[in-house]
Amino acid sequence: MAGIVTEPWSVAENGNASMTAKGSSRELRLGRTAHSMSSSSLRKKSDLRVIQKVPYKGLKDFLSNLQEVILGTKLAILFPAIPAAIICTYCGVSQPWIFGLSLLGLTPLAERVSFLTEQLAFYTGPTLGGLLNATCGNATELIIAILALTNNKVAVVKYSLLGSILSNLLLVLGTSLFCGGIANIRREQRFDRKQADVNFFLLLMGFLCHLLPLLVEYLANGKTSAAVLSDMQLSISRGFSIVMLISYIAYLVFQLWTHRQLFDAQDQEDEYDDDVEEETAVISFWSGFVWLVGMTLFIALLSEYVVATIEEASDKWNLSVSFISIILLPIVGNAAEHAGAVIFAFKNKLDISLGVALGSATQIGLFVVPLTIVVAWILGINMDLNFGLLETGCLAVSIIITAFTLQDGSSHYMKGLVLLLCYFIIAICFFVDKLPQKQNAIHLGHQAMNNVVTATGGGVFSS
């Protein structure tokens, strides 16, 4: 077939890899996550008829891979932003330009990582492929967080991870429900609640892990030193992070092995669609692996640019770092999967849209966040799960209102509109926020509480 590139050395390395790649589309889809299915809606078929006429096989294979990986997406128009950001860095261009170009360059790279992990899943099998897709689903956020940690920008790490969760719960899900409701206004949209329930249980557990370190601030009396409080929060957060990682591993086992049918309901329906074509790998295993490594390196490079220029962009654009990290970074960095979720909602496939939004929020909350805590622990950086009073409050309200929105297993455009309006309310709050170090706000609040206790001679606040 014109769309399949089979390299001899790849076949020799993988044995019956070609037979695996030609397995049934249903078997592969059972190993795909909603995240990867969402990104697939932005891909386009490649026409390789001209490339097949190239007489030299090595050159033909390279051009075929280039066509599939670089030009096989509707976001290919954004790829020039990558070399533009690199050139601007070495030419001394204003840092806000570098920041903006780096954000644009991350958008197609994130979508291509999803494509490449899906290609590797053809050779690794549905279970391992699903695990690979789940692990690499939020690679961009993880890389940005780790690079920000190495630059000791703990506030940026907390803001960006919180923003990813809020974006998925309110913006992505809200847009999907709203657009899906408008497109299917004459009929009720329904979805399977079982998958959503599992995600909300985990999200609420993750919220508890954020809430308790926050409450430690208010449990202490006026004689407790800040160092003791900080040490308590740090120890609690590190212990909680280990528990969160264990829960995420259990979630993967639940999703990919023991209760896979709960997450594959939409795929099994699609199996009987007449217009579903047989899916096959378009690049070899080792080609996909090399491209995946290359894409990851470029994501790391652009993420380094984003972390290094975010404060300068904040000053030049007169926007707070919290607004850029919580609102702009998640919107641009995850634009590909967000658009895919909306497209599936238009097609009345809400199970996939919910899988994208809730699955990504769960992965950020229970995998990326605790992993950054552990990485900071290893690096000797003090980072805890206390994201601040305002931030933790936004997280709590977002989880609760989204859970209530999805409790009856049905949807209409009004539910999506409410979620979107909630996101806009939070965005306005951080847009007007001009406090330079928001992570210190909770300490200021605690000091103010102590002042009240002292002024009243103890009163109702004394123990």
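With every protein chain kept in place and ligands, DNA and RNA left out, what is the accessible area per residue of the stretch 142-255? Probe 1.4 Å, answer in Å².
Computed with neighbouring chains in place, this is 42 Å² per residue.
What is the packing order of peptides 328-339, 161-172, 367-378, taking the mean over residues of other C-beta atoms within 10 Å and listing the highest first?
Values: 328-339: 23.6, 161-172: 27.7, 367-378: 21.0.
Those peptides, ordered most packed to least, come out 161-172, 328-339, 367-378.
For the stretch 204-261, with all protein chains present and a 1.4 Å probe, just round the carbon and sulfur fraction of the accessible area to a whole percent.
Values: 2260 of 3050 Å².
Accessible surface attributable to carbon and sulfur in the stretch 204-261 totals 74 percent.
Taking a ≥ b ≥ c as the square roots of the Cα gyration tensor eigenvalues, with a/c under 1.5 meaning rounded and otherwise prolate when a/b beats b/c, else oblate, which class fits the stretch 309-397?
Working: a/c = 2.13, a/b = 1.39, b/c = 1.53.
Verdict is oblate for the stretch 309-397.
Put a dot 7 Å past each Cα toward the Cβ at residue 76 and residue 377; how far apart are the dots in nm?
The modelled label-to-label distance comes out at 4.6 nm.
So with the 1.4 Å probe, I'd like the accessible area per residue for the stretch 276-394, rounded to whole Å².
Accessible area per residue, the stretch 276-394: 33 Å².
At 0.36 nm per residue, minus the direct Cα-Cα distance, what do residue 211 and residue 429 gain on full extension? Give it in nm, one decimal, please. Present the calculation step by step, with values, prior to reporting the outcome.
Numbers: separation 218, 0.36 × 218 = 78.48 nm, distance 2.04 nm.
So the chain would gain 76.4 nm between residue 211 and residue 429.
What distance in nm separates the two pseudo spin-label positions at residue 417 and residue 91, each 7 Å out from Cα along the beta-carbon direction?
Rounded to a tenth, the inter-label distance reads 4.7 nm.
Can you give me the % of accessible surface on the stretch 320-363 that is carbon or sulfur? Probe 1.4 Å, all protein chains present, nothing else counted.
On the way: 640 of 890 Å².
C and S atoms contribute 73 percent here.
In terms of the Cα gyration tensor, with a ≥ b ≥ c the square roots of its eigenvalues, is the stretch 128-259 rounded because a/c is under 1.5, prolate because a/b exceeds b/c, or oblate?
Working: a/c = 1.94, a/b = 1.77, b/c = 1.10.
Prolate, since a/c reaches 1.5 and a/b exceeds b/c.
The values are calculated or read from the model by the stated rules, or taken from the named source; none is laboratory data. Because the structure is predicted, anything quoted here is derived from the model rather than measured. Counting neighbours? That spans all protein chains shown, and the Cβs are built from the backbone with ideal geometry, glycine included. What goes into the accessible areas is simple: the full protein's heavy atoms, side chains included, and nothing from ligands, DNA or RNA. Shrake-Rupley method; radii C 1.70, N 1.55, O 1.52, S 1.80 Å.
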